[in-house]
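Report on the structure given below.
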Amino acid sequence: MKREKFILIFATALVAQGVLTGGCFHDRTSPVIPPPPTDPIPVPVDIQFTTNTTGEDIIKEVMGGFELFVFDEVTRLLVAIETVAHDQVRSGDIVLKLPAGRYTLVAWGGSGNEMENGGYHIAEPINEYTQEYGKVAIGKTTLESFRLRLTTNPSSSDENFVTPANSAFDELFYALAERVRIEPDVAPKVSFDFIRNSNLLRVKMAGINWLATTRSTSSPVNVYVTGRNGSFTYDNNISPYAEILRYDALQGTVDGNYLVMDIRLLRLDMVLHKKDPVWLWVEDARNDNIIARIDVMNTILKETDSYGHPLYRTQSDIDREEMFEIEIEFREPDPVTGNITIIINDWVFGEYAPGGLKPWKPKYQIKDKEQ
């Protein structure tokens with residue numbers, strides 16, 4: 001009798017184990033089918049911009065409008081696109097309507113009212129290596145294939161960079177909300193804290209009279225920046241196939257022996273600069289000789305406070321700054337060698353021999369990074 005009872009218990013356990021194992025096996029091999037859509041649920045959206053030097057929310061002062069892209073977390077597909085106008089930014093009256101589910105929401109905004117007019121576009125790679133892109137589409141574009149790109153002019157055969165189609169492109173802002181769960185009978189809410197995805201680089205140059213004795217242009221130098229940072233993934237990382245951009249000065253003023261130029265750039269990345277530096281170039285306008293090629297991020301990271309501590313320790317520190325300054329001083333040529341000493345932010349950068357030795361190779365022979 002005991003033997004029969006043991007066999008019965010053992011058999012029952014095996015059946016139970018088979019049911020459980022079969023259930024787990026089914027879960028692992030069957031496709032994940034999302035639940036049928038429910039009636040849309042109103043979802044209030046709260047926005048702010050506090051990652052700035054003041055620490056206060058100034059989104060109403062800096063933001064024009066933004067585009068909101070909603071992705072389903074299960075399928076990873078784009079399910080909705082919402083345009084938030086400037087008056088909604090100012091009033092704070094922003095409400096989405098989404099079926100119950102789990103979502104990732106990506107927001108890209110600009111200082112102007114429309115992203116496309118401000119110099120940007122949203123795209124999906126067809127062949128990212130050859131820079132072929134198409135339009136995003138609901139139900140087709142995935143989170144991983146989603147890109148925000150600066151609209152550029154095509155590069156010519158003798159250049160290693162592209163240029164912005166709109167040289168005065170808008171300031172750019174970014175925010176992300178992940179693992180957003182929308183459920184019936186549960187009051188949902190989405191919060192976005194935007195960061196600035198563009199910067200202004202102010203270049204101040206003193207002693208420019210030593211650079212050229214005969215000036216063929218209004219300025220003795222050409223100043224611009226190159227960097228591989230014009231295409232962003234959904235999580236604000238720079239696309240591995242982003243092209244090298246050339247940013248020219250938005251404006252410049254010459255006052256005697258002093259020159260000031262402002263250059264708008266897209267986001268400066270503390271980590272990426274080690275692999276793909278953003279370069280500030282200074283050229284002699286008479287003959288295109290390269291006077292200096294300066295690593296922008298390395299220069300910024302050298303800055304210290306009054307106690308000698310680094311001013312910028314994290315990416316958040318960088319993101320808070322709207323404008324960075326680089327001061328370049330050209331000192332009187334040495335009476336023997338004729339070389340001009342170059343000082344950058346109070347540290348000696350190097351020397352330049354006008355019309356003679358070039359401290360760097362010509363820009364068209366420099367491959368910052370191979371694709």
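See the values below:
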{"read-out": "Number of Lys pairs (Cα under 24 Å; 8 or more positions apart or on different chains) in the range 199-365", "value": "10"}
{"read-out": "Per-selection Kirkwood Rh - the range 193-272 (Cα, Å, 1 d.p.)", "value": "14.7"}
{"read-out": "Filtered chymotrypsin sites (Phe, Trp or Tyr not before Pro), the range 226-325: DSSP coil and at most 11 other beta carbons within 10 Å", "value": "Y307"}
{"read-out": "Extreme residue, positive dipole direction of the range 41-196, given options V190, V84, G139 (C-beta unit charges)", "value": "G139"}
{"read-out": "Cα radius of gyration and Dmax for the range 145-198 (Å)", "value": "18.5, 61"}
{"read-out": "Interchain or long-range residues, amide H under 5 Å from V136's placed H", "value": "E124"}
{"read-out": "Cβ-based charge dipole, the range 223-334, positive-most Cα from P333, L266, I291", "value": "L266"}
{"read-out": "Rg/Rg_globular for the range 199-365, with Rg_globular taken as 2.2 N^0.38 Å and Rg from C-alpha atoms", "value": "1.08"}
{"read-out": "Average projected area [Cα convex hull, the range 35-106], square nanometres", "value": "5.4"}
{"read-out": "Relative exposure of E178, E329, judged by other C-beta atoms within 10 Å (fewest first)", "value": "E178, E329"}
{"read-out": "The range 41-196 - Rg and Dmax from Cα coordinates, angstrom", "value": "16.9, 61"}
{"read-out": "Antiparallel content of DSSP bridges confined to the range 199-365, in %, to 5", "value": "85"}
{"read-out": "Dipole moment magnitude, nearest 20 debye, the range 41-196 about Cα centre, only Lys, Arg, Asp, Glu C-beta charged", "value": "360"}
{"read-out": "The range 52-102 and the range 179-254: distance between their alpha carbon centers, rounded to Å", "value": "22"}
{"read-out": "The range 126-143 - phi-based ³J(HN,Hα) in whole Hz, Karplus 6.51/-1.76/1.60, Gly and Pro as x", "value": "8, 9, 5, 5, 9, 6, 9, 9, x, 7, 6, 9, 4, x, 10, 5, 9, 4"}
{"read-out": "Sparse-neighbour loop sites [GluC sites (Glu not before Pro); the range 83-146; at most 16 other C-beta within 10 Å; DSSP]", "value": "E114, E116, E144"}
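Values quoted throughout were computed directly from the atomic coordinates according to the rules given, and no laboratory measurement underlies them. What you are looking at is a predicted structure, and each value in this text was computed from that prediction instead of being measured. So basically every Cβ, Gly included, is an ideal-geometry build from the backbone, and we count neighbours across all protein chains shown.
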